[in-house]
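S.K.: Just passing along the structure, written as structure tokens.
The values are calculated or read from the model by the stated rules, or taken from the named source; none is laboratory data. If you're wondering where the values come from, they're calculated on a predicted model, not measured in any experiment. Cβ placement follows ideal geometry from the backbone for every residue including glycine, while neighbour counts extend to all protein chains displayed.
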Amino acid sequence: MFSFVRTEKTRFDWMHLAIFIVIVAFQAFIGLIVYATGGTTYVYPYFMFFPVIIGGFVFGPYLGLFFGLIGGLILGPYMPMYVIFGIPQPLQNWLIRTGFLCTAGGLIGVLKNFLVDYYKKREEFLKIEPFTGLPNRNSFFDLLNDELKNRISYSVMLVEIKNQDDIVAAFGFDFFSQLIKFLDSELRQVLKLDKPLFSIRLNLLGFGLYKDHDWYAQQLIEFFKKPVMVQGIPIFCDVAFGIAEYPSDAVTPMELVQKGLLALDEAKKKNKPFQILSSHETRLLPVIQLVSQIDEAIHKGEMDFNYQPILNAKDQSPNSIEALVRWTHHEYGLISPSEYIDYLESTNLVNELTYWSIELNAQRIKELTVIDVPLQMAINISPTNLMQENFVRKVDGILKNAHVDPSLITFEVTERGLITSYDEALLSLSQLHDLGIRISIDDFGAGNTSIDSFSKTKIDTLKIDQMFTKNIIKNITSRRIVKGLIDLSASIGIETIAEGVETLEIYQNLQRLGVDYVQGFYFFKPMDYASIGTWLKSYKGL
């Protein structure tokens, strides 16, 4: 016995059978109309083109020809030209009409197939990354749509090849596409994936998973520890992974990929191999979103400064204060500069922030001078500022307008930021020094610049990075590095500041090593402007 199960395919076949029967019936009906209206000599036989065209469009060229032939036979040799007189139609009339009907049905069928193929290829093109041949983000979203409907939990993992530019510069784009294809093949085996990797963008691959994502992350870490061989060439891929979970992090495919990108960005900022976007995170914002709000934050008063004293290491007397920017966001609360400063320094917005910082703090220096508690203030500037042709001239104008003595200001710039455009930056620093502004190199020791390089320009102080300061008790190497920096700086007339001093023991060790100035929580935490003014007055006995 035959069993019949209703499926989408059988419903589709029954529908086509019904359409076929309707078209043939429609043709027969048109034949009756032609006969009833007097024969083929009138206009009514042209109605036969309608079912033939419909049949060709629905069923393709072969059945289009078939419907044309059926229509020709219905209107054919047995259909009189004049019914009332019983005059038969000439043979050539019937043959020509049949030929036109078959041609119409066949051509419409061919056109239909052409359109179907065109849109199928177009749809495939829209879902394939042409450079790598992998399914693209449109395909990824389709997959996620299906998976999120059928699963209680699901995760997305995004894998970015961070050193794409280096690989392309060395070997070209074609080689990079071969690398991506190789990774697709290898990672599917390593991760036991039943679907290909998806190309979200050229150097960003993605896939979905419903098992333990920690296992996948560890497999990827192990895989990328070693170079991969492409065309006989060993290639090291510097990668980072971002993981987001459904439904704890997002409920739609678009949100899930977006949260995966946020986790990936966080992994790169923290220099970690991977980051899981935890639903317990209080805040994980796109840095571009933060940076775009800085100008508005300045005008709304959300951005201000706290000030931390820098003390003489010998007697703990105040030497200066460092201005530390603080952003109290109206929605997300306190935002650390580490969350946005690196990206900000790659944009022109950093110049506007720096000019605002200098203007505001110049005014505060003037206020402290008026109440007879003048003190040097260290203001952080960006290496990007030093690349601007008019930076020195604009700073000079700000200080003159504020009637502030430039010798009361120290500009701090990080050593790491000077590496890219070293000579140009040092020239700007020398010009600022000529104005009377003191120059300090911040986080010294964390970059790759030798202290001898700074002997060639006008540097007043080096601030020793706290990663060395905090370890001088337990780590003999850190202690020797700090001692070496202090001695070498002193030999070329540069003073030293040790930041990150958090205990009495660290302070006493730094004293013995000969550091000039100290800064850290052991002495003072950063204070707002009102508190720093009160502290200075108290110290001066005012």
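S.K.: Among (1) at pLDDT below 80; (2) in contact with a strand residue (DSSP E or B) (Cβ under 8 Å, 6 or more places away or on another chain); (3) in a loop (DSSP other than H, G, I, E, B); (4) surrounded by 13 or more Cβ atoms within 10 Å (Cβ to Cβ), there is one condition LYS272 misses while meeting the rest; what is its number?
M.R.: It is condition (4) that LYS272 fails.
S.K.: When the residues of segment 145-168 are filtered to those that are surrounded by fewer than 22 Cβ atoms within 10 Å (Cβ to Cβ) and of a type in the set (A, V, I, L, M, F, W, C), which remaining residue is nearest to ASN271 (Cα to Cα)?
M.R.: ILE167
S.K.: I would also like to ask the following. Against the definition (modelled with pLDDT of 90 or more, more than 23 Å from ASN271 (Cβ to Cβ) and either within 21 Å of the chain's Cα centre (by Cα) or surrounded by fewer than 21 Cβ atoms within 10 Å (Cβ to Cβ) (or both)), how does SER177 come out, yes or no?
M.R.: It is true that SER177 is modelled with pLDDT of 90 or more, more than 23 Å from ASN271 (Cβ to Cβ) and either within 21 Å of the chain's Cα centre (by Cα) or surrounded by fewer than 21 Cβ atoms within 10 Å (Cβ to Cβ) (or both).
S.K.: Restricting attention to segment 47-101, and to residues there that are hydroxyl-bearing (Ser, Thr, Tyr) and more than 60 Å from the chain's Cα centre (by Cα), which single residue is surrounded by the most Cβ atoms within 10 Å (Cβ to Cβ)? Spell out how you get there, then give the answer.
M.R.: Here is the first cut: in segment 47-101, the ones hydroxyl-bearing (Ser, Thr, Tyr) are 62, 78, 82, 98.
If we keep only those that are more than 60 Å from the chain's Cα centre (by Cα) as well, we get 78, 82, 98.
On the way: TYR78: 12, TYR82: 14, THR98: 21.
Looking at residues that are hydroxyl-bearing (Ser, Thr, Tyr) and more than 60 Å from the chain's Cα centre (by Cα), I get THR98.
S.K.: Would you kindly identify the helices (runs of 4 or more DSSP H) lying entirely within segment 329-386 that contain at least 1 residues that are farther than 21 Å from LEU432 by Cβ and among the hydroxyl-bearing types (Ser, Thr, Tyr)?
M.R.: In segment 329-386, the matching helices (runs of 4 or more DSSP H) lie at 341-344.
For every residue, the table says whether it meets (1) closer than 19 Å to TYR529 by Cα; (2) at pLDDT below 85; (3) over 26 Å from the mean Cα position of the chain (by Cα).
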site	(1), (2), (3)
ILE276	no, yes, no
ARG283	no, yes, no
ILE294	no, no, no
ALA297	yes, no, no
GLN308	yes, no, yes
GLU322	yes, no, yes
PRO337	yes, no, no
GLN363	yes, no, yes
ASP372	yes, yes, yes
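S.K.: With respect to VAL190, determine if the residue is touching a Cys at 6+ places or on another chain (Cβ under 7 Å), surrounded by fewer than 20 Cβ atoms within 10 Å (Cβ to Cβ) and at pLDDT 85 or above.
M.R.: Values: touching a Cys at 6+ places or on another chain (Cβ under 7 Å): no; surrounded by fewer than 20 Cβ atoms within 10 Å (Cβ to Cβ): yes; at pLDDT 85 or above: yes.
Criteria not met by VAL190.
S.K.: In segment 116-147, what count of residues is obtained for those that are at pLDDT 85 or above and within 23 Å of the chain's Cα centre (by Cα)?
M.R.: Within segment 116-147, residues that are at pLDDT 85 or above and within 23 Å of the chain's Cα centre (by Cα) number 12.
S.K.: If you don't mind, there's one more thing I want to ask. Going residue by residue through segment 471-481, is there one that turns out to be surrounded by 14 or more Cβ atoms within 10 Å (Cβ to Cβ) and closer than 23 Å to ARG438 by Cβ?
M.R.: Among the residues of segment 471-481, not one is surrounded by 14 or more Cβ atoms within 10 Å (Cβ to Cβ) and closer than 23 Å to ARG438 by Cβ, which makes the answer no.
S.K.: Something else about it: Just one of (1) modelled with pLDDT of 85 or more; (2) over 30 Å from PHE140 (Cα atoms) trips up ASN113, so point out which.
M.R.: (2)
S.K.: Here's another thing I want to ask about it. Against the definition (crowded, with 20+ Cβ neighbours inside 10 Å, farther than 22 Å from TRP535 by Cβ, modelled with pLDDT under 95 and in contact with a strand residue (DSSP E or B) (Cβ under 8 Å, 6 or more places away or on another chain)), how does THR384 come out, yes or no?
M.R.: Here the answer is no, as THR384 does not meet what is asked.
S.K.: So which residues in segment 477-520 are in contact with a strand residue (DSSP E or B) (Cβ under 9 Å, 6 or more places away or on another chain), over 12 Å from LYS463 (Cβ atoms) and of a type in the set (Gly, Ala, Ser)?
M.R.: ALA490, GLY514, listed by residue number.
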